[in-house]
Amino acid sequence: MINTILVTGGAGFLGSHLCERLLNEGNNVICVDNFSTGSKDNILHLHGNPRFEIIRHDINLPLFVEVDQIYNLACPASPVHYQLDPVQTIKTNVHGSINLLGLAKRTKARILQASTSEVYGDPDVHPQPETYCGMVNPIGPRSCYDEGKRCAESLFFDYHRQYQMDIKVARIFNTYGPRMHPDDGRVVSNFIMQALQNKDITIYGDGHQSRSFCYVDDLVDGLIRLMSTEKLVGPINLGNDGEFSMKELAEKVIRLTGSRSQLSYHPLPMDDPRQRRPDLRQSKEKLGWKPSVALEEGLTRTIDYFIGLLERHGNTVNV
Ligand code: NAD
Ligand code: UDP
Ligand code: UDP
């Protein structure tokens, strides 16, 4: 059966990969995006596919389309971007989620929320299982995103309990790969762009804080698998459980690019989590999913993408 699937944030980094995969699997795809952090370049190659449609729209406003499934990815993901207009970020998570849940309620569509490991905040339980309730500063500079995503999870579960709606909640850990925005401020794109241009690698804090990085193809697999699983609601962690410090990441990127860059140290942003690694037991047992692309392999593919970008745009792409 051909499904008509709505992907909000479909012109962003993850959304564009998801749209591509869903089209390749034979679905009709409606991409909704306000192009705040996403770009038409990300979905240019999908134009001309008769099963692909793009709507410029802000999810804070009601949306009326007829769909079978909804992936709600609309929301800036990089701390630099989501802190530029924090009120818009929290509105997108709250008003935007309400509108999409209303749409799913009317159309009886299954709806998946792209939640985040940020719901765990600066965790004092490590690695983080889905049962951990998190340690989030509700009034800090990251709270527009963290608390926004936590409120979105509450809304999803309340609509599920109150209206028996078919929901899925994925808690996505740091994901990287081609089509990340070269200057959106996230660590993988920053380090690669800096290394390719032999600029200083900007380490925030002492570089001992850790993250676990998942390659985009693995993540998209996990999202689609969760959407097609009948009984599982979530929340479910999706990520890679290899854990690296930012200093280790910098050293890997320098080695893989053959760069002459030096490390430079800068203040750690407020509330920056010190450690993060997904507990993947539920994803493996209940979803039958685990990531397969190791960090060095994924970084090599991502570096190739950024080399191509620099060749096309010259040094006008800056970090
Ligand atoms: P991104 O910034 O590349 O993509 C977000 C997309 O949403 C962009 O195309 C943007 O223009 C669009 N958008 C933002 N606000 C909107 C609004 N109000 N209405 C319509 N469109 C809007 O980020 P991404 O990395 O692709 O992240 C996608 C989703 O996954 C986000 O919800 C993010 O919170 C979640 N997530 C991502 C990661 C990650 O590491 N990439 C980790 C955890 C969660
Ligand atoms: N909504 C939408 N598209 C639809 C149906 C609803 O955007 O197809 C929005 C509508 O603006 C509403 C929100 O979703 O404010 C929540 O819908 P719900 O049915 O929960 O609430 P109600 O309409 O009763 O306020
Ligand atoms: N970071 C860094 N240098 C940079 C960008 C980020 O050291 O140029 C650090 C940042 O302080 C954080 C980690 O890398 O500890 C991951 O940052 P990112 O913004 O990619 O994701 P998040 O903090 O949301 O996990």
### Query
Where residues in segment 308-319 are in a loop (DSSP other than H, G, I, E, B) and surrounded by 13 or more Cβ atoms within 10 Å (Cβ to Cβ), which of them is modelled with the lowest pLDDT?
Val319
### Query
Filter segment 92-115 for residues that are surrounded by fewer than 23 Cβ atoms within 10 Å (Cβ to Cβ) and either under 18 Å from the mean Cα position of the chain (by Cα) or among the polar types (S, T, N, Q) (or both); which is farthest from Ile2 (Cα to Cα)?
Val94
## Note on the structure
Restricting segment 291-307 to residues that are part of a helix (DSSP H, G or I) and among the aliphatic types (A, V, I, L, M), the one surrounded by the most Cβ atoms within 10 Å (Cβ to Cβ) turns out to be Leu299
### Query
In segment 254-310, how many residues are over 17 Å from Asp241 (Cα atoms) and hydrophobic (A, V, I, L, M, F, W, C)?
10
#### Entry: Enumeration of residues in segment 230-255 that are without any contact (Cβ under 8 Å) to a residue 60 or more places away in the chain and not charged (D, E, K, R)
Gly242, Phe244, Ser245, Met246, Ala250, Ile254
### Task
Specify which of the listed residues (Ile30, Ile59, Ile55) is away from ligand 1 (no atom under 11 Å from the Cβ), out of contact with any His (no Cβ under 6 Å at 6 or more places or on another chain), free of Cβ contacts under 8 Å to residues at least 60 places away in the same chain and of a type in the set (Val, Ile, Thr).
Ile30
### Query
How many residues are under 16 Å from the mean Cα position of the chain (by Cα), not hydroxyl-bearing (Ser, Thr, Tyr) and not in a helix (DSSP H, G or I) when one looks only at segment 1-30?
5
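Take the residues in segment 36-72 that are outside any loop (DSSP other than H, G, I, E, B) and of a type in the set (Phe, Trp, Tyr), then tell me which one is farthest from ligand 3 (Cβ to nearest atom).
Filtering segment 36-72 down to residues outside any loop (DSSP other than H, G, I, E, B) leaves 40-46, 52-56, 69-72.
Pick out the ones that are also of a type in the set (Phe, Trp, Tyr) and you get 52, 71.
Numbers: Phe52: 29, Tyr71: 20 Å.
Restricting to residues being outside any loop (DSSP other than H, G, I, E, B) and of a type in the set (Phe, Trp, Tyr), the top hit is Phe52.
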### Task
Output the number of residues of segment 144-169 satisfying the condition of being touching a residue at least 40 places away in the same chain (Cβ under 8 Å) and within 16 Å of ligand 3 (Cβ to nearest atom).
5
### Message
I'd like to check something: does segment 38-46 contain any residue that is within 23 Å of Gly102 (Cα to Cα), free of Cβ contacts under 8 Å to residues at least 60 places away in the same chain and touching a Ser or Thr at 6+ places or on another chain (Cβ under 8 Å)?
### Response
no
### Message
With the structure loaded, tell me whether Gly15 is among the small types (Gly, Ala, Ser) and modelled with pLDDT of 95 or more or whether it fails that test.
### Response
yes
## Note on the structure
Taking segment 270-288 and the residues there that are assigned to a loop (DSSP other than H, G, I, E, B) and more than 16 Å from ligand 3 (Cβ to nearest atom), the one that is surrounded by the most Cβ atoms within 10 Å (Cβ to Cβ) would be Leu280
### Task
Of the numbered conditions (1) loosely packed, with under 15 Cβ neighbours inside 10 Å; (2) in contact (Cβ under 8 Å) with a residue 60 or more places away in the chain; (3) not charged (D, E, K, R), Val87 fails exactly one; give the number of that condition.
(2)
### Query
Which members of segment 183-202 meet the condition of being near ligand 3 (Cβ under 9 Å from one of its atoms) and not hydrophobic (A, V, I, L, M, F, W, C)?
Asp184, Gly185, Arg186, Ser189, Asn190, Gln194, Thr202
### Task
Kindly indicate the residue of segment 74-91 that is closer than 18 Å to Pro138 by Cβ, part of a helix (DSSP H, G or I) and not basic (Lys, Arg) and also farthest from the chain's Cα centre (by Cα) among those meeting that condition.
Val87
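The values are calculated or read from the model by the stated rules, or taken from the named source; none is laboratory data. Quantities reported herein were computed from a predicted structural model and do not represent experimental measurements. Here Cβ is always computed from backbone atoms with ideal geometry, including for glycine, and neighbour counts include all displayed protein chains.
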